[in-house]
Every structure is written in structure tokens, then in C-alpha cells.
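The values are calculated or read from the model by the stated rules, or taken from the named source; none is laboratory data. None of the values given here were measured: they were computed from a predicted structure. A quick note on method: Cβ atoms are made from the backbone with ideal geometry, for glycine too, and the neighbour counts reach across all protein chains shown.
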Amino acid sequence: MKFLSFDSSSKKLYVIAENDNIKSSIILEDGHDYGSKLPVIIKNILDYSDLEIKELDFIGISSGPGSLTGLRIGISLVKGLSYSNNVKILPFNSLDLFGYNRGNDKYIFRKGRKNYYYWKKNLLFSKTEYNSLKEIYELIPAHTEILLDDEKNSDDFNDYKIELCDKTSIKNFYEVMEEYHKRGYFTNAFEIKPLYLQKSIAEINWEKKLKGNQK
């Protein structure tokens, strides 16, 4: 299998590549200024892996939840690479990446706008929800084990058992990509649906209205 994959959803940038079981990786601890760094990093890892874009079976990209800037830069770059080289795109959920191998009986959270969180059962491919803290406390019993990707948000969950998951291992990244590849969740350059942390109030209210109509 030949592929390139990266996660630009948070302050840490993760990039991996594989060329028939020869694996390469780069982690950028301070992922600011993605716009100038990401294309250079991708070129370097492909050169090191002796890969060309047109040879790839797919390009993996985090669709969030994540920062507006990081996701837009990452997704825009992938769209260009995919479209110009006719390579499939494999979007993945960043919560699956950071929660992988940390216990399927837990829930994982990433903060969105003030007092709102993206969250999901810590199982690969489980549905991602977006709720206020008040709603989360009504949905998930106190003392439940949860995963947080930022220690600064711990005070929001004083009634829960918290484990920090602010980073992932390269080994886990490869395993997550293998699982997504098995499922075949490929898409084209125009169908990626990013989950931005800073959802607007209008988006939140619209989604609540849709959920209400479905009941």
C-alpha cells in the first residue's frame, strides 16, 4: 500500500507516509503557520519515502473536529493534490485518532465554541455529536470515564473521571488509517465535510431544529 496521510486539526501536526510497508513520519509540535510549512513537509516526506503523488493509493486527511485554519489549509491542499493527480481521498475523524487504543467504554471530547463540545463514544466510526455542557451532563452520567485533548478544559468536567489524550502515537495513526482503508470510506475532492470547532450559533440552532423534526 502506498499512501500519505496527515492531521492538521490541532496545534500538533502529524504526517505519515507508507511505501509498501516502508514507513515515514513527521510530528510538528508547534503547528502554527501551516500554510507555509505543510507543503514543504509533505514534499520532504514523499521524497524521503521515494513516493510521487500520482503513485499513491489514497491521501488521508483529518476532517475534524478541528481548528478552522488548520482544517482549511489541510483540506485545500489535499483537494489540489487529489484533483490534479486523480488520487482518492480518505477522510478520517480526528477524535478516532486521538482516542485510539484508550478504551472503547469511554467518551472523547474536543472543545468547540464556548460551553460546547464535539464528542463521541470512543469507538472507531461512531457518530460525532455536538452539544452544550448542560446537554452533555444530561446525556452522560457523572463519574463516567472520559478523554479530553486539552487539560485546560478539565474544570468543565469535574464530575467525570478524566484522562488526557493531547497527543497520539505514530503507531496508532497507521493502525487507524488501516481500519479506515478496510472500510473504504473514500471520497472525492469536493465531498469532504469538515467539522470546525467554532460552529456558528445559527448552525447550532439549525441542527437542533433538524433533530427535533426527526423525532
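State whether the residues of the range 60-69 include one that is among the small types (Gly, Ala, Ser), buried (at least 21 other Cβ atoms within 10 Å of the Cβ) and assigned to a helix (DSSP H, G or I). No: the range 60-69 contains no residue that is among the small types (Gly, Ala, Ser), buried (at least 21 other Cβ atoms within 10 Å of the Cβ) and assigned to a helix (DSSP H, G or I).
Among the charged types (D, E, K, R), farther than 17 Å from residue 3 by Cβ and surrounded by 14 or more Cβ atoms within 10 Å (Cβ to Cβ): does that describe residue 138? Judged against the criteria, residue 138 is not a match. On the basis of being surrounded by fewer than 11 Cβ atoms within 10 Å (Cβ to Cβ) and of a type in the set (S, T, N, Q), does residue 131 make the cut? No; evaluated as a whole, the condition is false for this residue. The set of residues in the range 8-22 that are at pLDDT below 95, farther than 24 Å from residue 72 by Cα and either assigned to a strand (DSSP E or B) or touching a Cys at 6+ places or on another chain (Cβ under 9 Å) (or both) contains only 22. Within the range 10-65, the set of residues being of a type in the set (S, T, N, Q) and closer than 28 Å to residue 110 by Cα comprises 10, 24, 25, 36, 62, 63. Pairing each residue of the range 166-194 that is assigned by TED's automatic domain parsing to the domain that holds residue 100 and under 21 Å from residue 76 (Cβ atoms) with any residue that is assigned to a loop (DSSP other than H, G, I, E, B) and of a type in the set (S, T, N, Q), provided the two are 6+ apart or on different chains, yields no C-beta distance under 9 Å. When the residues of the range 1-52 are filtered to those that are of a type in the set (Gly, Ala, Ser) and in contact (Cβ under 8 Å) with a residue 60 or more places away in the chain, which remaining residue is surrounded by the fewest Cβ atoms within 10 Å (Cβ to Cβ)? My answer is 25. Scanning the range 85-126 for residues that are surrounded by 20 or more Cβ atoms within 10 Å (Cβ to Cβ), part of a loop (DSSP other than H, G, I, E, B) and small (Gly, Ala, Ser) returns a single hit, 112.
In this structure, is residue 54 among the charged types (D, E, K, R) and in contact with a helix residue (DSSP H, G or I) (Cβ under 6 Å, 6 or more places away or on another chain)? When the stated conditions are applied, residue 54 passes them. If the requirement is being more than 27 Å from residue 129 (Cβ to Cβ) and out of contact with any strand residue (DSSP E or B) (no Cβ under 8 Å at 6 or more places or on another chain), which of these qualifies: 57, 33, 50? Answer to the check: 33.
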